[in-house]
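Here the structure comes first, spelled out in C-alpha cells, and everything after it is commentary.
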Amino acid sequence: MGMTMTQKILAAHAGLESVTAGQLIKCKLDMVLGNDVTTPVAINEFNKFGFTQVFDKDKISMVMDHFTPNKDIKSAEHTKQCRVFAGKYDITHYYDVGDMGIEHALLPEKGIVASGECIIGADSHTCTYGALGAFSTGVGSTDMAAGMATGEAWFKVPSAIKFNLTGKLNEYVMGKDVILHIIGMIGVDGALYKSMEFMGEGLKNLSMDDRLSMANMAIEAGAKNGIFAVDDVTIEYQKGRVDREYKIYEADADAEYEAVYDIDLSQIKPTVSFPHLPENTKTTDECGEVKIDQVVIGSCTNGRSEDIEMAARIMKGRHIAKGVRCIVIPATQAVYMEAMQKGWLATFIEAGCAVSTPTCGPCLGGHMGILAQGERAVATTNRNFVGRMGHPESEVYLASPAVAAASAITGKISDPSEIMG
Amino acid sequence: MKVCGKVHKYGDNVDTDVIIPARYLNTADHKELAAHCMEDIDTEFVKNVKEGDIMVAEQNFGCGSSREHAPIAIKASGISCVIASTFARIFYRNAINIGLPILECDAAAKGINAGDEVEINFDTGVITNKTKNETYQAQPFPEFIKDIINKGGLLNSLKN
C-alpha cells in the first residue's frame, strides 16, 4: 500500500520504512514553536518537571505576537518570562517587538521552516507550513515543553482527504475563498484527525500567499494538517530564504485517500463565513444586505504581501464608509516595510484606515479592535466563534482581503467586483 | 478507577474560545482560568459546577485554538471527565497530556441529559447513567496513551 505525502514525511522522521493510518509513532522534530500565550505554560511545565536543557537551541522558535506590544501588565509578565527563558537557553529564533511578525507569516518568510520538515507548534494554525510541503501541526503547551526537551513528539498517523485542483482563480478571488468554500463543503469536522492534501494541475496557478492562507485554515475543518505538493512556486519561494538542504516528498501513486474532491478554481466565487462557524459559508451574491461596523485586514491567514496589496488596490483613491472602522495589520515587519515603500500605507491612511505594527490582536479578541455588544465585523482572520473578537453578542464574518476591503468602502458585505467593475 | 457526578450538557462544536475566552489568556493561573470557564455560552456553569461533576457534549468538542488553558480551565473547575461523541484532535492531545480524563462515546453523548447522575469506570470504559438506568460502552484508550496516563502525564512519562 502506498503512502500519502504526510505519511511519507512522518515515516522518514520516525526512522521507519513505511507507516499506515492509525499507527502510533514517535518523530524527530525539525522545529518546535510557541507564542507569548502558549510558551509561558510550556516553560512552567518544562521547569516543573526538572528539565535543564533544550534539545537544540536552533530548532526552537518563540514569537511574541498575540498580545504584543503588550496590552496589559499580565501579558507583559508572560512575554518577560519567555524573554528570560530564551536568553537563558540562547534560543536562536526568539522574536520580540520590533523584529517579530505574526508567527505563521514570519517563519516561512524567514526560511525557518521548509519543505519536507516535521514541525510542531503550540498554536493551532501551525498547520500553515504545509503550504511549503512540510508536515506541520498544532499541539498544546505540554507537547511544546516535551518537544523542547527531547526534540520528539508522538503522533497517530493520519488518513487523508485529497483535493485535486484544476483551473485558475478569477480576478479578486483568492486562496481564502477556496479554503472557505472547502470548509463550507466538508464542515468544521469534515477532516477531523485527517490530512488535507492539495495537488493537481491547478496548483501552479496558486501563489505561495494563497497556499499559505489555505493551509492555515486546515484546522478549521478539524484537520491534523494541510499539505501542498511541492512545485516550482514552492522552490522559487524558498530561494534566498532557506539556506539548508530540504527534501521534497511526493505522495505515492497508489496512496489511499478516504475521499477525493475535484475543485475547479475557476468556479470559486468570493465566499464569506457567517457567524458563528467557519462552515456557515455563502458566496457574496447570496449574502444579502449585511451592514458592518468594523473591518480587520491582517492575521496569520491574510496579513501577507499579496493580501495587503489586494486591499490597497481596492482602497486606492477611495474612502471607507462613514461609521465603519477599518484596521489594517501587515503580518510582519517585512510586509510592513513593503507596504510603506510601495505606498500602500498611504492609501490606507488616506482611505481612513488605522494601520498597526504586526500583532494577532483583534483576531482572537485580544486587543487592537475589540467589538462591542451587537457589533459586526468583516475580518480576513480565521475564526468567527461566539465572542471571538469581543462581546459574546458581537459577530464576525470571515472573508478574503478583497471582500474585506470592498466591504469597508461600502459599509456592508460586498463583492470586490461591485467596486472595481 | 471510578468517578461519579452530575452532568453539564452541551451540543456540537464547543470551541476553545467559549471554553476559555482569549481575553483571559493573559493568565496561566488555573483557578483564575476556572473562574471564567464556559462563561460565553453558559453563565451558570461556574456557579453550579461541583467537584467531580461530568461534562457531556456532542460532536467535535474543543475545536479551534490549541490553548491548553481550555482543558486546564475545565479540570480546575472540578470536572472529573469529559464525554463527547468526538473531540477535536488538539484538545484530545492536551487533555491526555495534562491528565484530564476524556472519553469518546456517541451513545452516551446522545443518551445523557443535563442534570443526570452518571458514573464512569475508566478500567472498563463503562458509563452508567444512574438517572435513566442506562449503560454505554466507551472506546478504551490505546495502550500507548494508557501508558502516558498511568505514568502521570506526558512529561512525567518522559522523565521516568
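The values are calculated or read from the model by the stated rules, or taken from the named source; none is laboratory data. Remember, predicted model here, so these are calculated numbers, not experimental data. Reconstructed Cβ throughout: ideal geometry from the backbone, glycine too, with neighbour counts over all protein chains shown.
Just give me the residues in region A:117-141 being within 25 Å of A:Gly2 (Cβ to Cβ), more than 9 Å from chain B (Cβ to nearest Cβ) and not in a loop (DSSP other than H, G, I, E, B), in sequence order. Break it down into steps so the answer makes sense when it comes.
Residues of region A:117-141 within 25 Å of A:Gly2 (Cβ to Cβ): A:117-119, A:127, A:129-137.
Checking which are more than 9 Å from chain B (Cβ to nearest Cβ) leaves us with A:117-119, A:127, A:129-136.
A:Cys118, A:Ile119, A:Cys127, A:Tyr129, A:Gly130, A:Ala131, A:Leu132, A:Phe135, A:Ser136, listed by residue number.
Would you confirm whether or not region B:50-73 contains a residue that is in contact (Cβ under 8 Å) with a residue 40 or more places away in the chain, in a strand (DSSP E or B), within 11 Å of another protein chain (Cβ to nearest Cβ) and crowded, with 22+ Cβ neighbours inside 10 Å?
The answer is yes, given that some residue of region B:50-73 is in contact (Cβ under 8 Å) with a residue 40 or more places away in the chain, in a strand (DSSP E or B), within 11 Å of another protein chain (Cβ to nearest Cβ) and crowded, with 22+ Cβ neighbours inside 10 Å.
Going by the conditions given, is A:Ile292 over 28 Å from A:Gly222 (Cα atoms) and either within 18 Å of the chain's Cα centre (by Cα) or not polar (S, T, N, Q) (or both)?
Details: over 28 Å from A:Gly222 (Cα atoms): yes; either within 18 Å of the chain's Cα centre (by Cα) or not polar (S, T, N, Q) (or both): yes.
It is true that A:Ile292 is over 28 Å from A:Gly222 (Cα atoms) and either within 18 Å of the chain's Cα centre (by Cα) or not polar (S, T, N, Q) (or both).
Quick check on this structure: which one of A:Glu236, A:Glu279 is at pLDDT 95 or above and within 14 Å of chain B (Cβ to nearest Cβ)? So that I can check it myself, show each step before the final result.
Working: A:Glu236 fails: within 14 Å of chain B (Cβ to nearest Cβ).
Selected residue: A:Glu279, the only one of A:Glu236, A:Glu279 that is at pLDDT 95 or above and within 14 Å of chain B (Cβ to nearest Cβ).
Output yes when any residue across region B:86-93 is more than 14 Å from chain A (Cβ to nearest Cβ), of a type outside the set (A, V, I, L, M, F, W, C), within 27 Å of A:Lys224 (Cα to Cα) and assigned to a helix (DSSP H, G or I), and no when none is.
Checked region B:86-93: no residue is more than 14 Å from chain A (Cβ to nearest Cβ), of a type outside the set (A, V, I, L, M, F, W, C), within 27 Å of A:Lys224 (Cα to Cα) and assigned to a helix (DSSP H, G or I).
In region B:125-140, how many are closer than 14 Å to B:Pro101 by Cβ and in contact (Cβ under 8 Å) with a residue 24 or more places away in the chain?
Counting residues in region B:125-140 that are closer than 14 Å to B:Pro101 by Cβ and in contact (Cβ under 8 Å) with a residue 24 or more places away in the chain gives 3.
Table: residues versus (1) touching a strand residue (DSSP E or B) at 6+ places or on another chain (Cβ under 7 Å); (2) within 12 Å of chain B (Cβ to nearest Cβ); (3) closer than 27 Å to A:Asp99 by Cβ.
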{"residue": "A:Met337", "(1), (2), (3)": "no, no, yes"}
{"residue": "A:Ala351", "(1), (2), (3)": "no, no, no"}
{"residue": "A:Ser356", "(1), (2), (3)": "yes, no, yes"}
{"residue": "A:Cys360", "(1), (2), (3)": "no, yes, yes"}
{"residue": "A:Glu395", "(1), (2), (3)": "yes, no, no"}
{"residue": "A:Ile419", "(1), (2), (3)": "no, no, no"}
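I'd like to know if region A:261-271 contains one or more residues that are polar (S, T, N, Q) and buried (at least 18 other Cβ atoms within 10 Å of the Cβ).
Yes, because at least one residue in region A:261-271 is polar (S, T, N, Q) and buried (at least 18 other Cβ atoms within 10 Å of the Cβ).
Take the conditions buried (at least 21 other Cβ atoms within 10 Å of the Cβ), farther than 30 Å from A:Asp252 by Cβ and either among the basic types (Lys, Arg) or away from chain B (no Cβ under 14 Å) (or both) and apply them to A:Met62. Does it pass? Please lay out each step first, then the result.
Details: buried (at least 21 other Cβ atoms within 10 Å of the Cβ): yes; farther than 30 Å from A:Asp252 by Cβ: yes; either among the basic types (Lys, Arg) or away from chain B (no Cβ under 14 Å) (or both): yes.
Criteria met by A:Met62.
If a residue must be of a type in the set (Ser, Thr, Tyr), touching a residue at least 24 places away in the same chain (Cβ under 8 Å) and crowded, with 22+ Cβ neighbours inside 10 Å, how many such residues does region A:385-421 contain? Walk me through it before giving the result.
Going through region A:385-421, the residues of a type in the set (Ser, Thr, Tyr) turn out to be A:394, A:397, A:400, A:407, A:410, A:414, A:417.
After this cut, where a residue has to be touching a residue at least 24 places away in the same chain (Cβ under 8 Å) as well, the list is A:397, A:400, A:407, A:410, A:414, A:417.
Filter again for crowded, with 22+ Cβ neighbours inside 10 Å, leaving A:397, A:400, A:407, A:414.
Count: 4.
For region A:1-13, what are the residues that are part of a helix (DSSP H, G or I) and crowded, with 21+ Cβ neighbours inside 10 Å? Working first, answer last.
The first filter runs over region A:1-13 and keeps only residues part of a helix (DSSP H, G or I), leaving A:5-13.
Listed by number, the residues that qualify are A:Met5, A:Thr6, A:Gln7, A:Lys8, A:Ile9, A:Leu10, A:His13.
Is it the case that region A:162-171 has a residue that's at positive phi and over 18 Å from the mean Cα position of the chain (by Cα)?
So far as region A:162-171 goes, yes, one or more of its residues are at positive phi and over 18 Å from the mean Cα position of the chain (by Cα).
Within region A:33-70, which residues are hydrophobic (A, V, I, L, M, F, W, C), in contact with an Asp or Glu (Cβ under 7 Å, 6 or more places away or on another chain) and in a loop (DSSP other than H, G, I, E, B)?
A:Met64, A:Phe67
What do you reckon, is A:Val113 more than 14 Å from chain B (Cβ to nearest Cβ) and of a type in the set (Val, Ile, Thr)? Lay out the reasoning, then the answer.
On the way: more than 14 Å from chain B (Cβ to nearest Cβ): yes; of a type in the set (Val, Ile, Thr): yes.
So A:Val113 passes the test.
Which ones in region A:71-107 are away from chain B (no Cβ under 14 Å), outside any loop (DSSP other than H, G, I, E, B), closer than 22 Å to A:Phe55 by Cα and in contact (Cβ under 8 Å) with a residue 24 or more places away in the chain?
Our first condition is that a residue be away from chain B (no Cβ under 14 Å); within region A:71-107, this holds for A:83-84, A:86-102, A:105-107.
With the extra rule that they be outside any loop (DSSP other than H, G, I, E, B), the set shrinks to A:83-84, A:86-88, A:93-95, A:105-107.
Then keep just the ones that are closer than 22 Å to A:Phe55 by Cα; that gives A:83-84, A:86-88, A:93-95, A:107.
If the condition is that a residue be away from chain B (no Cβ under 14 Å), outside any loop (DSSP other than H, G, I, E, B), closer than 22 Å to A:Phe55 by Cα and in contact (Cβ under 8 Å) with a residue 24 or more places away in the chain, then A:Ala86, A:His93, A:Tyr94, A:Tyr95, A:Leu107 are the ones that fit.
Counting only residues that are β-branched (Val, Ile, Thr) and crowded, with 24+ Cβ neighbours inside 10 Å, which one in region A:363-384 is nearest to A:Asp285 (Cα to Cα)? Break it down stepwise before answering.
To start, the set of residues in region A:363-384 that are β-branched (Val, Ile, Thr) comprises A:370, A:378, A:380-381.
With the extra rule that they be crowded, with 24+ Cβ neighbours inside 10 Å, the set shrinks to A:378, A:380-381.
Working: A:Val378: 16, A:Thr380: 18, A:Thr381: 21 Å.
Ranking the qualifying residues of region A:363-384, first place goes to A:Val378.
Any residue in region A:20-32 that is assigned to a loop (DSSP other than H, G, I, E, B), at pLDDT 95 or above, facing chain B (nearest Cβ under 10 Å) and within 30 Å of A:Ala160 (Cβ to Cβ)?
No, that holds for no residue.
From the residues in region B:1-38 that are acidic (Asp, Glu) and crowded, with 19+ Cβ neighbours inside 10 Å, which one is farthest from B:Thr86 (Cα to Cα)? Even if it seems obvious, please write down each step before you answer.
Taking region B:1-38 as the starting set, the residues that turn out to be acidic (Asp, Glu) are B:12, B:15, B:17, B:29, B:32.
Checking the rest, the ones that are also crowded, with 19+ Cβ neighbours inside 10 Å come to B:15, B:17.
Numbers: B:Asp15: 13, B:Asp17: 18 Å.
Taking the candidates together, the pick is B:Asp17.
Which ones in region B:58-74 are under 22 Å from B:Met1 (Cβ atoms) and either touching a His at 6+ places or on another chain (Cβ under 8 Å) or aliphatic (A, V, I, L, M) (or both)?
Within region B:58-74, the first condition is being under 22 Å from B:Met1 (Cβ atoms), and the residues that meet it are B:61, B:71-72, B:74.
Hits for region B:58-74 are B:Ile72, B:Ile74.
Report, by residue number, each residue of region B:22-49 that is more than 8 Å from chain A (Cβ to nearest Cβ), assigned to a loop (DSSP other than H, G, I, E, B) and in contact (Cβ under 8 Å) with a residue 40 or more places away in the chain.
B:Cys37, B:Val49, listed by residue number.
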